[in-house]
Structure formats: structure tokens, C-alpha cells
1. Could you please tell me which pairs satisfy a Cβ distance under 8 Å, a separation of 6+ or placement on different chains, a first residue in the stretch 71-95 that is more than 22 Å from Asp115 (Cβ to Cβ), and a second residue that is open to solvent by 50 Å² or more (accessible area, probe 1.4 Å) and of a type in the set (A, V, I, L, M)?
2. Of these, Val163, Val170, which one is within 13 Å of the chain's Cα centre (by Cα) and either at pLDDT 95 or above or over 19 Å from Phe111 (Cα atoms) (or both)?
3. Give the number of residues within the stretch 47-71 that are on the phi < 0 side of the Ramachandran plot, small (Gly, Ala, Ser) and open to solvent by 20 Å² or more (accessible area, probe 1.4 Å).
4. Looking at the stretch 85-131, which of its residues are part of a strand (DSSP E or B), of a type in the set (S, T, N, Q) and more than 14 Å from the chain's Cα centre (by Cα)?
5. Could you tell me whether any residue of the stretch 202-212 is more than 16 Å from the chain's Cα centre (by Cα), over 17 Å from Asn4 (Cα atoms), of a type outside the set (A, V, I, L, M, F, W, C) and open to solvent by 20 Å² or more (accessible area, probe 1.4 Å)?
6. Check whether at least one residue in the stretch 192-199 is under 27 Å from Pro90 (Cβ atoms) and out of contact with any Cys (no Cβ under 8 Å at 6 or more places or on another chain), and report yes or no.
7. Going by what's in this entry, would Glu159 be described as exposed (fewer than 14 other Cβ atoms within 10 Å of the Cβ), not in a strand (DSSP E or B) and not hydroxyl-bearing (Ser, Thr, Tyr)?
8. Would you please list the contacts, defined by Cβ atoms under 6 Å and residues six or more apart or on different chains, that run from a residue in the stretch 155-182 that is more than 16 Å from Ala194 (Cα to Cα) to a residue that is assigned to a loop (DSSP other than H, G, I, E, B) and acidic (Asp, Glu)?
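The values are calculated or read from the model by the stated rules, or taken from the named source; none is laboratory data. Since this is a predicted model, take the numbers as computed values, not measurements. When we count neighbours, we look across all protein chains shown, and the Cβ atoms used for this are built from the backbone with ideal geometry, even at glycine. These area figures cover heavy atoms from the full protein model, side chains too; ligands, DNA and RNA do not enter into them. Shrake-Rupley method; radii C 1.70, N 1.55, O 1.52, S 1.80 Å.
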Amino acid sequence: MEINADFSAVATIHSAELPWSQSPMAGVERRMLDRLGDEVARATSIVRYAPASEFSPHTHAGGEEFIVLEGVFQDEHADYPAGTYVRNPPTTAHQPRSAIGCTIFVKLWQFDMADRLQFRKTMADELGPPVDGVATGLLHQDERETVIYFKLDADAALEKAAVGGLEMLVIDGTVVVAGEQLVKNDWLRLPDGASFRAVAKNGGAKLWIKSGHLLHVQRPSRQ
């Protein structure tokens with residue numbers, strides 16, 4: 001399966017317009033944003049857990065990175081409320097569930113296979129003081145990628161060069177990028193070398209942005 005698999009092209013998804021598709025587990029549905037592979041895939045998705053739903057125990061052979069967007073995600077290790085950023089590198093295992101239901105933004109099979117750094121962060125706790133209406137919180141950085149959480153005041157502008165590609169998820173609020181309005185849970189991907197400028201509308205915006213990683217796109221090593 002291939003969805004938005006041309007990483008040299010701009011991809012913009014208004015996620016509310018996508019249908020929910022059933023995962024292999026009852027009560028767990030997803031909206032696929034990009035994908036290389038079938039059930040084992042390099043994938044970027046928004047996943048929704050119904051109350052009292054759970055996924056079967058599994059090992060993340062290619063790693064898992066996620067943000068809790070709504071509700072509380074749970075596994076045998078901890079509870080993860082909305083606003084939590086989590087990196088589970090290759091070889092980590094868990095059994096996901098949610099007692100009250102949750103929605104997460106999740107990326108699979110996008111790690112360096114030698115990465116073993118596992119952590120979780122409350123994104124709001126990482127924010128520094130705003131500069132020109134933009135507060136910045138570094139979530140993760142290595143030689144392959146940089147992951148940042150931004151909080152923009154109304155009318156504030158954020159500009160970045162998409163060195164190595166850039167991916168953005170609107171966590172809350174509204175921004176305008178290249179004349180297009182993007183709202184909560186909308187997703188944008190820009191190729192290496194593109195320019196990026198986002199302007200927050202009334203009420204401001206919260207953005208998750210990853211850059212550099214699109215130079216390392218590969219299919220999963222096994223299907």
C-alpha cells in the first residue's frame with residue numbers, strides 16, 4: 001500500500017475529511033496520512049481508540065513515535081494524557097489501551113535502527129519564553145532529525161527552511177501556510193529544500209514540526 005508516498009512532493013491533508021478505517025483490532029480506527037507498506041509499514045496516522053478498547057501486545061521492531069491529542073492513552077508502563085510526546089525506539093514492546101478513549105498521532109518504522117533512547121515528555125513543559133509571539137520547545141534532536149513543539153500567539157509568524165524535509169501537525173488552533181488554512185489535526189509535509197511560513201490566526205496555534213527526516217525514508221526491512 002502506498003499513500004502520499006512521493007516524498008519529493010508537497011502533501012497537505014485536512015484530516016477531518018478522511019474516513020476512519022478499521023485497524024486489525026476492534027475499537028481502534030485510523031486515518032492514514034502517509035504509508036509505505038501493508039500492515040507492517042512506514043506509516044504516519046491519526047489513530048482513535050474507543051473507550052475500553054485495547055490493542056494486542058506487540059514489539060515495535062521499527063520504533064514508534066506518538067503524540068496524545070485527546071483523552072488518555074495507556075499501556076502497562078504508564079498513563080499518557082493529552083499533550084504527551086512519546087518515543088518508543090526499535091525493540092520496545094507494550095500493550096496499548098485506553099479506558100476513556102483517546103486520539104493519537106503516530107509514526108511507525110521511522111527510527112534509526114540503532115536508536116535505543118526511550119522517553120516521554122509533557123510538551124507544554126518544554127516551552128521557553130515567547131520571542132515575537134512564538135514559544136519553542138525542543139522535544140528531540142539527533143543527527144537525522146529535529147522535533148519541536150511551537151506555541152504561536154495570534155498573528156505570529158513562524159518561518160523555517162525545510163532542510164531534509166519538514167512535517168507539521170496542527171495540534172490546536174489555526175494557521176495559514178501558502179495561502180491555505182490548516183486547523184486542528186491537519187497535516188503538512190514539505191520536501192527537502194522547500195520554504196515554510198505559517199501565520200497563526202485568531203486564538204493562536206500549537207504546532208508539532210519535525211525536520212531533516214525525509215532524507216532517510218525507507219520501507220520496513222520486513223513485511
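1. Close Cβ pairs (under 8 Å, with a partner that is open to solvent by 50 Å² or more (accessible area, probe 1.4 Å) and of a type in the set (A, V, I, L, M)) amount to Gly71/Ala82; Gly71/Ile100; Val72/Ala82; Val72/Ala99; Val72/Ile100; Gln74/Ala99; Gly83/Ala124.
2. Val170
3. 3
4. Passing the criteria: Thr92, Ser98, Thr122.
5. So far as the stretch 202-212 goes, yes, one or more of its residues are more than 16 Å from the chain's Cα centre (by Cα), over 17 Å from Asn4 (Cα atoms), of a type outside the set (A, V, I, L, M, F, W, C) and open to solvent by 20 Å² or more (accessible area, probe 1.4 Å).
6. Among the residues of the stretch 192-199, at least one is under 27 Å from Pro90 (Cβ atoms) and out of contact with any Cys (no Cβ under 8 Å at 6 or more places or on another chain), which makes the answer yes.
7. Here the answer is no, as Glu159 does not meet what is asked.
8. From residues that are more than 16 Å from Ala194 (Cα to Cα), the pairs are Val170/Asp186.
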